[in-house]
Every structure is written in C-alpha cells, then in structure tokens.
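Notes to accompany the following structure.
The values are calculated or read from the model by the stated rules, or taken from the named source; none is laboratory data. Note that the structure is predicted; figures quoted are calculated from it, not measured. A quick note on method: Cβ atoms are made from the backbone with ideal geometry, for glycine too, and the neighbour counts reach across all protein chains shown.
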Amino acid sequence: MAKHVWNFVYSPQSLVSRFYKSKYFQNTHILQAKASPGSSFIWQGIITARNEVLKGYRWILGDGNSINCTQDPWLIGKGDFKVDQTRAYADNNMVVSQLFLQGERKWDAHKVVSIFSNSDANLILSMRIPDLPSMDRLAWAHSTNGKYSVKMGYHLWHNHHVGFGSVVQSKGWTRLWKLDLPHKTKLFLWRFCRNNIPLKSRLSTKGVHIPVDCPMCTSEVEDLRHLFFQCPFALACWSYYGAAYAMSTEDSASGWLLFKLDTCSSEEILLIVTVLWGIWFFRNKKVWENKRVTADIAMSWSAKTISDWKEARDKHAAQVVSKLSVRISPTVKWKKPDYGVYKLNVDAAIKLGEISFSMGLVLRDHSGTLVAGKTICKLMVSSVFEAEATAILEGLQWLINMTVDKVIIESDSFLSVKALQNSQENLLEVGNILSACRSILDSRPEFSVSFVKRQANRVAHVAARIPCSLNCQNIFSTPPSLLLEPLLYDLSY
Ligand SMILES: [Zn+2]
C-alpha cells in the first residue's frame, strides 16, 4: 500500500496512479487526499498507508515554491525536519521561496531571523540553496538514496506500532549468525538487535542506580541511538569511513541494524560492524579504565582486530573475504599512478556545529610530484555523504579546465564512490551532486573515480584541514608546510 503512495508521487503517469487520481483526488495532491466513508476498502488502505509514509518523507529544497515553510518537513538538522511552529511568525500559506531575496537564490537573512526562533533561523541560514533552479522534490528521509522501500517502510511501521520489545521476524537474524566474524562480535550484534546492550540508560530501568549520561561526551543520556549514532565520538567514527547514517528520533537503533543485516551487501555490513564494534570497545575502555582514544585510532583498531581474527582463523578464507579487510587495514599506502597518468586525491572535512565545511584536492603525477592543489570552503551540507560527493565534484570541475589527460580521482568516501559506480538515482540533496559528477564522467572517459582507504588519502585529508574561510578557494603549486610531511610519506617505502 505504501508503495502505491510513492508511485503516486513519482510515477503520476502510470495507469494505476491516473485511475486513482481521477477517482479520488482529482484536484489535489496525494499527500492532501482524504478517504470518505463510502470509498473502497483499497482506497482507505492507501490513505492509511499514506499517513505512515508521511512520517518518513521530507522535502528536498529546489526552487522553494512547493514547500510550506511552517507545515512541511524540510529543515535539515531537525529530527522531524520541521520548524518550531509555535515560535514562527509566518502565515500558514507561506512557502520557502518567500524567504529568498527578491529574484535571487539567497536567503533573506533579515526576514528569516524575524520569522523563526533563533535556532531554526540559524539552521535555515546554513542550508544551501541549490545553485541551479530545480523543482522541490519529496524524498524518503530514512534511506541513503532517498527512495522508499517496502522493507524499510515496514521496519518504521513496526517501530511505531509494535516496538522492539518483541522480536521481529527478519532474515537478518539468520544472516547475523552466518557472518564471518568473531563469535563475541556476533554476540554483541545479536544483543544490539535485541536492544540488550548493557548501557547505562538500560541498566537504570532495571533498578541499577547509576548516572545515565554518555561516558564519551557526558552531555546526553546514553542509549543505543545516542552512543552509536549521535554522540560526537560516534559521528567521528562513522565519518572515518565516509559513511553517514541519518537516524531520526523515530528510528530504533536495534531495528535499524537488523534491517541492515537483512538488506545490505556483506561489504557494507562489515563496515557497519567495524564501526559499532570499535565504538563499543572504546566506550568500555572509557568506562572501566578511563582511557580515551581518537576516532581514528578506534577505527583502525577495530578494522585490524577483525582482519587479524580472519587471518588467524583461516588463511585461505581470509583471502576470499579480504576485499574489504584489505581496504580497511591500517597499513595501506598511496600508490603513484602509471606513467602519463595523474592522480587527484580529494577529501572533505566537517566540523560538528560549524556552518561551513572544507575540501582539499591534491593533484600528483606518476612520480608522486605535486602538480597543483586546492582548498575550498563552502556552506555546510546535509550530510557527510554530500560533503564527500561535493569534494569529488569540485575535483572534476577543476580538472575540466586543465590540460591533463588521464586522471584517477581517489576519494575515501565509500558511499560516494559506490553511488557513482552503480549510477542509481538518489533523491536526497546529494543526488544533485552525484548527477553533476556523472555528467562530467560521461563526457570525459579519461577521468575515473575510485575508492581508497583513508590511510592512502592522507594528503587530501590534511589539505582539507588547512584553515580556509567561507567561500574562499586557494590554489597552490608549491606545497604548504602542513602538506610536506604527508607528501613525503606517500613517496617513502
Ligand atoms: Zn555521547
């Protein structure tokens, strides 16, 4: 049923969509359509499903003409993507484009500040308005490609109506025990899916009287969603692999993992497990030994533990499954391109709570010599994924204007490179960036994009962190002092 609703939104020309539209919502949008007492059972079912779907969609800003600024979910940075209506002085029909400066694609800061609460106004002003005008579009907020899937809809529905106190039927359970991982890691995953990890908040409901604050940041209650997805430490761990998993306040973390176990490729699962396991291990280090490590160390440790285990257990099997473990083992280095080929390493740096993010692009030739580099600072985007994809796009746009033949672009964002390779449509903001990348790649077959481990992308990683102010672009052909060490390191054996 929910699938029907999305078909109405995205395939309004299909026979079924046209049939229902003419019958039930001729003059309005499916999202405003109503069920009347006499309507068919199927139609009533669709309306019920529609109400479920409504909980999972958000608007992606285009021209701002279709988004009601006080009623619709559109504001990035809010769990429900909505402005605080009780503190907004706007009339009920105001659309987002009315917040732009007349005839421009910029926010009318004065207007925004006078209408919304301070925190909402700040979020709005830090949202990027796409440079090219396009229609506003609806996307499903709970997937990395913005598309609705029946499975995910069911999973959300289940969260709302059943909760995860009961055990969900899912193929994820079977998959979990078949994973090629240490037994204690599997046990950890199993407890995670059962929402049975001994976190402080959980122990406190069992009558254990302890403070419930998160041991990593001490500023929030420690529950699954916070510790593994929202805590600054968790965010740093995920971004180490260029992965971003948005989780709204309505998601249950345990259900999310079970769902991933059911639906993801084994590579993506290995990535997820590596991050969760590393967070959990170092959370315990902090609680029991008061030891603190950076996300980089936690993630290298976790990847190494899993790959060492595989190696020790079965050398032959380790070779078979080494695709990802090679990629995440911490000893990998940057490689010079072949003669006549150039390599452009790109990376994005995001600091939490900042209104901007920066990118570093470093172009080298077959001898590993720096040809040119660039740092760019832009207004913040909706996710780490989008920031990393933007860095790839900046790289491609830069290369177009250069006289270089064959260039390999290397990024350590697994999601971005994968998305570019499988060329699936993405409805979120990042979709605009990905399609801009694709159109350049299609017209310039001598450019290619590939994934590298973060350790092999150190030069770009450091370049992206060279201080740079908003909207500035610096191009250099002699390396800035900060880059000397990583450039030399890449040339060493
Ligand atoms: Zn925390």
Check: Given the conditions (1) of a type in the set (Lys, Arg); (2) in contact with a Leu (Cβ under 8 Å, 6 or more places away or on another chain); (3) in contact (Cβ under 8 Å) with a residue 40 or more places away in the chain, which single one is not true for Arg438?
Finding: (3)
Notebook entry, point to check: Quick check: is even one residue across the stretch 400-421 without any contact (Cβ under 8 Å) to a residue 60 or more places away in the chain, more than 30 Å from Ile269 (Cα to Cα), not in a loop (DSSP other than H, G, I, E, B) and not hydroxyl-bearing (Ser, Thr, Tyr)?
Noted result: yes
Note to self: Quick check on my filter: what residues within the stretch 455-467 are modelled with pLDDT under 85 and closer than 19 Å to Ala389 by Cα?
What the structure shows: Gln455
Next item on the list: Go through the stretch 56-95 residue by residue and tally those that are free of Cβ contacts under 8 Å to residues at least 24 places away in the same chain and not in a loop (DSSP other than H, G, I, E, B).
Entry: 2
Notebook entry, point to check: Could you list, in sequence order, the residues of the stretch 468-493 that are modelled with pLDDT under 90 and either among the aromatic types (Phe, Trp, Tyr) or within 22 Å of the chain's Cα centre (by Cα) (or both)?
Noted result: Tyr489, Tyr493
